[in-house]
Ligand code: ZN
C-alpha cells in the first residue's frame with residue numbers, strides 16, 4: 001500500500017496525533033496545530049508501514065537502495081529509524097548528545113569507513129539534528145546517501161547536504177507570539193514537543 005500524504009494525515013487523525021489547540025514550537029513561534037509523531041509510532045503496524053514507505057522514498061531520492069546502515073538521532077528517530085532499517089534489511093544505530101551537547105555514538109556502536117548510511121528522524125523542522133548526524137558520519141569516513149523523516153515541517157526548505165525525502169511536507173501555520181490570535185483570545189499556550197521548555 002502506498003501511503004499518500006493525505007492518507008498519512010488520516011493516520012495522524014485516527015491515532016489522536018493531529019493535535020489542535022495553541023502550541024509553542026521549539027522555534028518560539030505559536031501554532032494552532034501540532035503533529036505528535038510518537039502517537040502514530042506507538043502502534044507497531046503504523047510504524048512498520050511508515051518505515052517501509054520512507055525507505056522507498058529515501059531510496060528514490062538517493063537513487064539507490066544499496067544501504068548498509070540506518071543512523072538516527074535519539075530520541076525522536078529511534079522507532080522510525082528502526083523500521084526503515086527493517087525495510088532495508090540492515091542494522092539501525094543511533095546518536096546521543098554528550099554532556100557538551102555534541103552528537104556522539106555510544107553503547108559500542110561502530111561504523112567502518114566506506115559504509116553507506118542514511119539518516120532518519122521523525123520530524124524535520126530546520127534539519128539541524130539530521131545535519132549534525134550527517135557531519136558525524138562523514139567525519140567517520142561513511143558515505144551518506146540520503147536522509148528522511150516522516151514529517152517535514154520546513155515546507156521542503158531544510159537543507160541537510162544530502163538528498164532528502166519525507167512522507168508528508170507541511171507548511172505549518174505559525175504566529176509571532178506578539179501577533180498570535182490565540183494569545184489575544186487568552187488561550188493558554190502548550191509546549192507539545194519532546195524537548196523540555
Ligand atoms: Zn499564541
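Details
- Any hit, region 174-195, residues being away from the ligand (no atom under 16 Å from the Cβ), touching a helix residue (DSSP H, G or I) at 6+ places or on another chain (Cβ under 8 Å) and more than 14 Å from residue 120 (Cα to Cα): yes
- When residues of region 161-173 are limited to those that are over 18 Å from residue 4 (Cβ atoms) and at pLDDT below 95, the one nearest to the ligand (Cβ to nearest atom): 173
- Residue 91 being at pLDDT 95 or above, loosely packed, with under 14 Cβ neighbours inside 10 Å and in contact with a helix residue (DSSP H, G or I) (Cβ under 9 Å, 6 or more places away or on another chain): yes
- Wholly within region 99-197, strands (runs of 3 or more DSSP E) carrying at least 1 residues that are touching a residue at least 60 places away in the same chain (Cβ under 8 Å), touching a strand residue (DSSP E or B) at 6+ places or on another chain (Cβ under 8 Å) and within 24 Å of residue 47 (Cα to Cα): 116-124, 143-152, 164-169
- Condition met for residue 66 (out of contact with any helix residue (DSSP H, G or I) (no Cβ under 8 Å at 6 or more places or on another chain), more than 16 Å from the ligand (Cβ to nearest atom) and in a helix (DSSP H, G or I)): no
- Residue in region 10-29 that is farthest from the ligand (Cβ to nearest atom), counting only those that are assigned to a strand (DSSP E or B) and surrounded by 12 or more Cβ atoms within 10 Å (Cβ to Cβ): 18
The values are calculated or read from the model by the stated rules, or taken from the named source; none is laboratory data. Since this is a predicted model, take the numbers as computed values, not measurements. Neighbour counts run over all protein chains shown; Cβ positions are idealised from the backbone, glycine included.
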